[in-house]
Amino acid sequence: MAKIAILVEKVYEDLELQYPRLRLKEAGHTIDVIGPKAGDVFVGKHGYPQKSEKAASEVKASDYDLIVIPGGSSPDHMRRSEGMVKLVRDAAARKIPMAAICHGPWMLCSTDALKGRRCTSYMSIVHDVINAGGKWVDEECVVDGPIITARCPDDLPAFSNAILQLVSEGKAQGVKGKSIAPSWVMATI
């Protein structure tokens, strides 16, 4: 069974944290919810509270087989924490798999994890992802090496399936799905 870190900060997208957490827990994997400080309670966009079990500064990326980064506004807050950024940078440097959904790839933009990789995100951060070296595509779930990305809560089944495949089988497949980005976004990239 894998040991997995799920990152949390305030205003996280409730489903993007809870859905993978429960699917992974149900499959028997060990989950640590990591925040800037241990014991803080963070409230999601829709009001669901989630307590951080460990502080990012007190764990090592090498302690984990995978790191999950939910979206919402939480990645913007995560990037303000040295410990959270260091954890993600260390994971990227060690090629530890990371799965980021919606605005979650913002954290990956603070590393070189996206450089040259096919990836996706919520459409409002497409230019941040491209500026970080990612090759953005409008697909439901994208797997490129150790990086799994998805666009929004509707993509959670494919995202969570890819995560489960990666931790169980050592490899995962993405899902193209239907395009959801507006034409003006596609025209700018």
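Taking the options P49, P36, name whichever one is within 21 Å of R89 (Cβ to Cβ) and over 14 Å from the mean Cα position of the chain (by Cα).
Numbers: P49 fails: within 21 Å of R89 (Cβ to Cβ).
Criteria check complete, one pass: P36.
Quick one: in region 104-118, which of the residues that are assigned to a loop (DSSP other than H, G, I, E, B), within 12 Å of D76 (Cβ to Cβ) and open to solvent by 20 Å² or more (accessible area, probe 1.4 Å) is modelled with the lowest pLDDT?
Initially, region 104-118 is screened for residues assigned to a loop (DSSP other than H, G, I, E, B), giving 104, 109-117.
Okay, now just the ones that are also within 12 Å of D76 (Cβ to Cβ), so 104, 109-110.
Within this subset, residues satisfying the condition of being open to solvent by 20 Å² or more (accessible area, probe 1.4 Å) are 109-110.
Numbers: C109: 97, S110: 93.
Taking the candidates together, the pick is S110.
Given the criteria out of contact with any Cys (no Cβ under 6 Å at 6 or more places or on another chain), of a type in the set (A, V, I, L, M, F, W, C) and free of Cβ contacts under 8 Å to residues at least 40 places away in the same chain, does A38 qualify?
Details: out of contact with any Cys (no Cβ under 6 Å at 6 or more places or on another chain): yes; of a type in the set (A, V, I, L, M, F, W, C): yes; free of Cβ contacts under 8 Å to residues at least 40 places away in the same chain: yes.
Yes, satisfied.
Check off (1) part of a loop (DSSP other than H, G, I, E, B); (2) buried (at least 22 other Cβ atoms within 10 Å of the Cβ); (3) small (G, A, S) for A99 and give me the number that stays unchecked.
(1)
Among the charged types (D, E, K, R) and either touching a Phe, Trp or Tyr at 6+ places or on another chain (Cβ under 8 Å) or crowded, with 20+ Cβ neighbours inside 10 Å (or both): which single residue out of R21, R94, R80, R89 fits that description?
Values: R94 fails: either touching a Phe, Trp or Tyr at 6+ places or on another chain (Cβ under 8 Å) or crowded, with 20+ Cβ neighbours inside 10 Å (or both); R80 fails: either touching a Phe, Trp or Tyr at 6+ places or on another chain (Cβ under 8 Å) or crowded, with 20+ Cβ neighbours inside 10 Å (or both); R89 fails: either touching a Phe, Trp or Tyr at 6+ places or on another chain (Cβ under 8 Å) or crowded, with 20+ Cβ neighbours inside 10 Å (or both).
R21 is the lone residue from the list that is among the charged types (D, E, K, R) and either touching a Phe, Trp or Tyr at 6+ places or on another chain (Cβ under 8 Å) or crowded, with 20+ Cβ neighbours inside 10 Å (or both).
Find the residue count for region 61-85, including only residues that are out of contact with any helix residue (DSSP H, G or I) (no Cβ under 7 Å at 6 or more places or on another chain) and over 23 Å from D155 (Cβ atoms).
Qualifying residue count, region 61-85: 5.
What pairs come out if I take residues in region 4-28 that are over 14 Å from M98 (Cα atoms) and pair them with residues that are buried (at least 24 other Cβ atoms within 10 Å of the Cβ) and modelled with pLDDT under 95 whose C-beta lies under 7 Å away, six or more apart or interchain?
Correct list of pairs: empty, since none qualify.
Quick one: in region 145-178, of everything that is open to solvent by less than 80 Å² (accessible area, probe 1.4 Å) and in a loop (DSSP other than H, G, I, E, B), which residue is nearest to T30 (Cα to Cα)?
G170
Being basic (K, R) and more than 27 Å from A132 (Cα to Cα) narrows it down to one of R94, R21, so name that one. Show your work before the answer.
Working: R94 fails: more than 27 Å from A132 (Cα to Cα).
The unique qualifying residue is R21.
Could you run through region 32-75 and say how many residues are within 15 Å of E16 (Cα to Cα) and either small (G, A, S) or outside any strand (DSSP E or B) (or both)?
Looking only at that region, the number is 11.
Report yes if V126 is of a type in the set (A, V, I, L, M, F, W, C) and under 19 Å from V11 (Cα atoms), otherwise no. If you could, list the steps in order and put the result at the bottom.
Numbers: of a type in the set (A, V, I, L, M, F, W, C): yes; under 19 Å from V11 (Cα atoms): no.
When the stated conditions are applied, V126 does not pass them.
Could you check region 34-64 and list, in sequence order, the residues that are under 16 Å from A113 (Cβ atoms) and either hydrophobic (A, V, I, L, M, F, W, C) or open to solvent by 70 Å² or more (accessible area, probe 1.4 Å) (or both)? Full working, then the answer.
Of region 34-64, the ones under 16 Å from A113 (Cβ atoms) are 61-62, 64.
The answer is A61, and nothing else.
In region 119-144, which residue that is out of contact with any strand residue (DSSP E or B) (no Cβ under 8 Å at 6 or more places or on another chain) and touching a residue at least 60 places away in the same chain (Cβ under 8 Å) is surrounded by the most Cβ atoms within 10 Å (Cβ to Cβ)?
Selected residue: M123.
The values are calculated or read from the model by the stated rules, or taken from the named source; none is laboratory data. Values in this document were obtained by computation on a predicted structure and should not be read as measured data. Methodologically, a virtual Cβ is constructed for each residue, glycine included, from the backbone with ideal geometry; neighbour enumeration extends over all protein chains shown. When the accessible area is computed, the model is the full protein with side chains, heavy atoms only, and any ligands, DNA or RNA have been set aside. Shrake-Rupley method; radii C 1.70, N 1.55, O 1.52, S 1.80 Å.
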